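What follows is a single structure, written as structure tokens, with notes after it.
The values are calculated or read from the model by the stated rules, or taken from the named source; none is laboratory data. Owing to the predicted nature of the structure, the values given are computational and were not obtained by experimental measurement. In this analysis, Cβ positions are derived from the backbone assuming ideal geometry, glycine residues included, and neighbour counts consider all displayed protein chains.
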Ligand code: SF4
Ligand SMILES: [Zn+2]
């Protein structure tokens with residue numbers, strides 16, 4: 001069988017035009033530079049809400065700083081939202097959501113200084129005048145210097161002689177991370193239309209090969225259709241499917257959809273399947289679905305799908321699944337028989353596209369997309385989906401309090417009934433049945449004694465971990481004290497835990 005090309009782990013950038021590239025060439029003919037990306041190597045444009053948020057955070061910290069129109073976000077692992085921001089072909093910094101403080105922050109990268117330093121009017125720490133620096137300190141890289149007057153913890157710009165860099169302030173001291181000679185840079189400021197123009201050749205190729213892949217399989221079953229979810233990926237495959245000659249499409253309404261999604265779907269000519277199961281009854285019996293127990297998929301999607309397939313008979317279904325969405329999809333093949341229903345052969349023609357290519361294609365083809373993307377959601381599914389980040393759930397709380405208030409009420413009643421701590425709802429711990437190491441670490445760092453299964457750790461406080469090393473060891477290696485008597489040992493101890501650690505190391 002033909003081997004799939006491996007996922008791209010970098011992004012090409014034309015410095016001459018100052019634009020990101022899909023392929024290895026720019027239409028201007030100059031040689032692009034290569035930007036390494038962080039796992040899972042997913043990269044997407046910063047849309048209206050993302051852009052506004054980045055601008056606000058930078059202004060709050062460093063004053064008014066001009067930003068380029070084209071900004072990309074490379075999603076990476078962390079306790080919640082953790083996006084590497086790419087601008088002008090450089091790392092600008094990180095956009096991070098703290099699930100405990102319930103706020104976003106911007107951590108500046110040293111590579112951003114040529115674009116930010118000369119404009120910054122605050123957020124700068126001068127090593128000579130603002131710290132206890134003296135000649136005895138010698139080299140300052142990596143040293144902790146006491147601040148003369150306290151500032152909030154966080155990442156700052158530092159000034160030292162003719163150099164500038166970044167440093168981390170923690171509890172009244174600053175640790176200088178890196179110093180460089182900063183040369184202010186002037187770069188072109190193209191808009192997304194120019195990015196599309198310069199990438200047109202590659203967009204055409206992507207389209208051609210996706211349509212070819214659909215056509216290759218269209219006759220593998222007597223009928224063909226497109227599975228439409230209301231999201232950006234299925235918007236693209238619906239369009240590609242139509243170009244390949246497919247006339248039928250379907251959408252499964254889980255009963256937990258956003259009103260925007262329903263309105264968007266109803267504007268299309270497709271079958272809407274509305275045989276949703278009793279989600280409310282099941283949650284009241286079993287508790288909420290979670291990232292590690294997504295029973296909702298079976299109840300709300302697979303069962304209705306099987307009902308639909310029994311009416312349509314054997315079919316080819318074009319779907320928008322992609323490698324870069326998550327590691328679970330990293331080995332997705334072009335065509336695969338649905339393991340739960342042999343009637344359906346699933347085709348994934350855009351499996352090798354990143355969200356960057358998906359959005360460029362949507363804009364190039366002028367396709368209408370779900371308005372929720374521009375409002376700050378990265379992924380669109382059910383409004384209470386446990387796979388959502390807490391940063392996204394905050395967006396949903398603002399957009400649709402009428403939906404989240406009911407769900408929050410249920411979660412808080414469930415927590416009370418099971419004697420879970422209030423952080424179960426407050427920090428979004430309900431999203432796991434077995435808390436992963438990163439969340440247990442947050443709990444312990446904040447003095448919340450909690451077990452893997454969200455129940456309180458009733459171990460006497462005196463016996464609790466006292467040193468950071470012990471804390472970390474306990475976080476990664478389950479100790480008997482953390483397991484309530486009679487509970488089954490959880491499975492979150494081997495590869496999943498290790499994967500998290502690898503991801504965390506890769507963040508910086
Ligand atoms: S989108 Fe989320 S909540 Fe909805 S069925 Fe899928 S996993 Fe469950
Ligand atoms: Zn160019």
Problem set entry | Where residue 318 falls short, out of the listed (1) farther than 26 Å from residue 220 by Cα; (2) in contact (Cβ under 8 Å) with a residue 60 or more places away in the chain; (3) surrounded by 18 or more Cβ atoms within 10 Å (Cβ to Cβ) | (1)
For this session: Inspect the range 98-111 for any residue being in a helix (DSSP H, G or I) and on the phi < 0 side of the Ramachandran plot and give the result as yes or no.
Result: yes
For this session: Report those strands (runs of 3 or more DSSP E) wholly inside the range 197-279 carrying at least 1 residues which are modelled with pLDDT of 95 or more and surrounded by 19 or more Cβ atoms within 10 Å (Cβ to Cβ).
Result: 223-227, 248-252
Exercise. Can you tell me which residue in the range 347-358 is farthest from ligand 1 (Cβ to nearest atom), limited to those that are in a helix (DSSP H, G or I) and out of contact with any strand residue (DSSP E or B) (no Cβ under 6 Å at 6 or more places or on another chain)?
Worked result: 357
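Determine if the range 359-374 includes at least one residue that is farther than 28 Å from residue 198 by Cβ, buried (at least 20 other Cβ atoms within 10 Å of the Cβ), out of contact with any strand residue (DSSP E or B) (no Cβ under 8 Å at 6 or more places or on another chain) and not assigned by TED's automatic domain parsing to the domain that holds residue 414.
The initial filter retains those residues of the range 359-374 that are farther than 28 Å from residue 198 by Cβ, namely 372.
Within this subset, residues satisfying the condition of being buried (at least 20 other Cβ atoms within 10 Å of the Cβ) are 372.
Next, only the ones that are out of contact with any strand residue (DSSP E or B) (no Cβ under 8 Å at 6 or more places or on another chain) stay: 372.
Checking the rest, the ones that are also not assigned by TED's automatic domain parsing to the domain that holds residue 414 come to 372.
Within the range 359-374, one or more residues are farther than 28 Å from residue 198 by Cβ, buried (at least 20 other Cβ atoms within 10 Å of the Cβ), out of contact with any strand residue (DSSP E or B) (no Cβ under 8 Å at 6 or more places or on another chain) and not assigned by TED's automatic domain parsing to the domain that holds residue 414.
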For this session: Return a yes/no flag: does the range 366-384 have any residue that is assigned to a loop (DSSP other than H, G, I, E, B), closer than 25 Å to residue 49 by Cβ, within 16 Å of ligand 1 (Cβ to nearest atom) and free of Cβ contacts under 8 Å to residues at least 24 places away in the same chain.
Result: yes
Problem set entry | Meets criteria (touching a strand residue (DSSP E or B) at 6+ places or on another chain (Cβ under 8 Å) and within 16 Å of ligand 1 (Cβ to nearest atom)) for residue 407 | no
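Which residues, counting only those in the range 279-295, are closer than 17 Å to residue 412 by Cα and within 11 Å of ligand 1 (Cβ to nearest atom)? Spell out the reasoning first.
Start the filter on the range 279-295 by keeping residues that are closer than 17 Å to residue 412 by Cα, which leaves 280-290.
Selection gives 283, 288, 289, 290.
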For this session: Considering each residue of the range 403-425, count those that are closer than 28 Å to residue 261 by Cα and without any contact (Cβ under 8 Å) to a residue 12 or more places away in the chain, and give that number.
Result: 3
Exercise. Out of all the residues in the range 47-65, is one or more buried (at least 20 other Cβ atoms within 10 Å of the Cβ) and free of Cβ contacts under 8 Å to residues at least 40 places away in the same chain?
Worked result: no
Exercise. Looking at (1) in contact with a strand residue (DSSP E or B) (Cβ under 6 Å, 6 or more places away or on another chain); (2) in the same structural domain as residue 330 (by TED's automatic domain parsing), which is the one condition that is false for residue 391?
Worked result: (2)
